[in-house]
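Encoded as structure tokens, the structure appears first; notes follow it.
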Amino acid sequence: MVIQALPDRAAAAQASAWDHEYQLATGADFIGASPCQQVSAAALAAARRAMRLDTRLLGTASHDLRQPLQAIALWVELLRERIDDPEVCRILAKIHSTAQGAERLLDTLLDISRLDLGVIAPKPVDFHAGVLLDHLCATFAPAAARSRLKLRVRSSDSIARSDPVLLERVLSNFVSNAIRNTKQGGVLVGCRRRSGHLCFEVWDTGSGIPAERLPDIFDEFVQLGADGGRPHGGVGLGLSIANRTAELLGHRIRVRSRVGSGSCFRIDVPRGEALHPAACDTPADDAAGIYGAFVVFVEDDAQQRDAMEQLLQRWGCHTLTASSGTGAVTQLSDHLRAPNLLLCDYRLAHHETGMDAIRALRAAIGDEVPAIVISGEPRAFVDPDLHASGILLLRKPVAAEQLRLRLAELLSPKGRPAA
């Protein structure tokens, strides 16, 4: 285990990334083999079929289970903006909290499945640490505010090298735990330069963890109750997933904690190379910039399509909604104005993807219009060309605050096409 519950000191070495290769032979490899070898070949072939089935099931379950959660999140946000009754707002807050709990449980189960199937392949790149920290702050600021906690981010201009998506999942677990287990005070997220590496840190002013329990917190199904500090909900898998993900990345996690004072979770990440200035630009944070934008939304689920349309219009956007890329292109031909942004669900009907819809719309418009894909798929099932095409990927269910911020980033004057 790459965990140290020790005083802070520079890491001696980075842990090696896992390098699993699953090679399953087919029965053809054992023609003329002994009965024992033939039985082994049949078992291996059955294992391969089971793995393929599990992988397909994982992709389908991830998408289908996130659909209703996304719809709930959108409808709750619409109601919260229109209702002033404190009692109704309190009930809506509980619905929102319950949906978030279901989302966390789903994420946990899917993460365990992906790790067990070995379908997660890290894609390390050089990236600006400050952008990741700002994204974490934007994501968790609403939860911290609801808990009446101060969430502070100590930004950084350092360049890190890792898989930013997987690293963010690890840090998100740390921040989520910190907010959930802190009753008063706050949470601090930051990044420090250390000898040869960067150290991402999440500090809290929670109850702390007894020293004798620190070695256990990264085991599966471990939840510390009243006798062990940091009581919280869940199933006790979050830190286990964070640890396995860190091992997959080749990063080391360290923990310091003092009962009654709080805890600090750290992960060491290699430094990256200097980036081109354009790659270091921080995203815009002025959500007011979305007012008046023309947004095309493609989603085959009628409930989500209706909820998203109302939410976008509530924010002052002009909308065009369709269930398919072809339908959107047909409707767009009747508009004199070109859209400012394309927003598409990833998995559409009749084997169409959001990427297909965006390509068709961009071809019809004749311009590389900024685009966002919202996906409930595991990362391994999403089109690898998505990032190369300059398309932003958001995972379902997307909080309204997060969606609004991302829209503002893409609709900033620098990235917004002329109408």
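The values are calculated or read from the model by the stated rules, or taken from the named source; none is laboratory data. Everything numeric here is computed off the predicted structure, so don't read it as measured data. All Cβ positions, glycine included, derive from the backbone under ideal geometry; neighbour counts span all protein chains shown.
On the stretch given as segment 313-327, residues that are under 22 Å from residue 386 (Cβ atoms) and out of contact with any helix residue (DSSP H, G or I) (no Cβ under 6 Å at 6 or more places or on another chain) total 4.
With a requirement of 2 or more residues that are surrounded by fewer than 21 Cβ atoms within 10 Å (Cβ to Cβ) and out of contact with any Cys (no Cβ under 6 Å at 6 or more places or on another chain), the strands (runs of 3 or more DSSP E) lying completely within segment 295-405 that satisfy it span 318-322, 391-395. Checked against the criterion of being farther than 17 Å from residue 156 by Cβ, within 22 Å of the chain's Cα centre (by Cα) and at pLDDT 90 or above, segment 195-202 has no qualifying residue.
Tell me whether segment 131-144 contains one or more residues that are modelled with pLDDT under 85 and over 23 Å from residue 398 (Cα atoms). So far as segment 131-144 goes, no, none of its residues is modelled with pLDDT under 85 and over 23 Å from residue 398 (Cα atoms).
The strands (runs of 3 or more DSSP E) falling completely within segment 121-190 that include 2 or more residues that are of a type outside the set (S, T, N, Q) and surrounded by fewer than 18 Cβ atoms within 10 Å (Cβ to Cβ) map to 125-128, 150-154.
A quick yes/no check of all residues on (1) touching a Phe, Trp or Tyr at 6+ places or on another chain (Cβ under 8 Å); (2) within 17 Å of residue 410 (Cβ to Cβ):
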{"residue": "295", "(1), (2)": "no, yes"}
{"residue": "301", "(1), (2)": "no, no"}
{"residue": "308", "(1), (2)": "yes, yes"}
{"residue": "312", "(1), (2)": "yes, yes"}
{"residue": "327", "(1), (2)": "no, no"}
{"residue": "344", "(1), (2)": "yes, yes"}
{"residue": "352", "(1), (2)": "no, no"}
{"residue": "364", "(1), (2)": "no, no"}
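Confirm whether residue 250 is at pLDDT 90 or above, assigned by TED's automatic domain parsing to the domain that holds residue 271 and either surrounded by fewer than 17 Cβ atoms within 10 Å (Cβ to Cβ) or under 20 Å from the mean Cα position of the chain (by Cα) (or both). For residue 250, the condition - at pLDDT 90 or above, assigned by TED's automatic domain parsing to the domain that holds residue 271 and either surrounded by fewer than 17 Cβ atoms within 10 Å (Cβ to Cβ) or under 20 Å from the mean Cα position of the chain (by Cα) (or both) - is met.
Among what's in segment 92-102 and is of a type outside the set (Ser, Thr, Tyr) and exposed (fewer than 13 other Cβ atoms within 10 Å of the Cβ), pick the residue that is nearest to residue 177 (Cα to Cα). Only one residue tops the list, namely 101.
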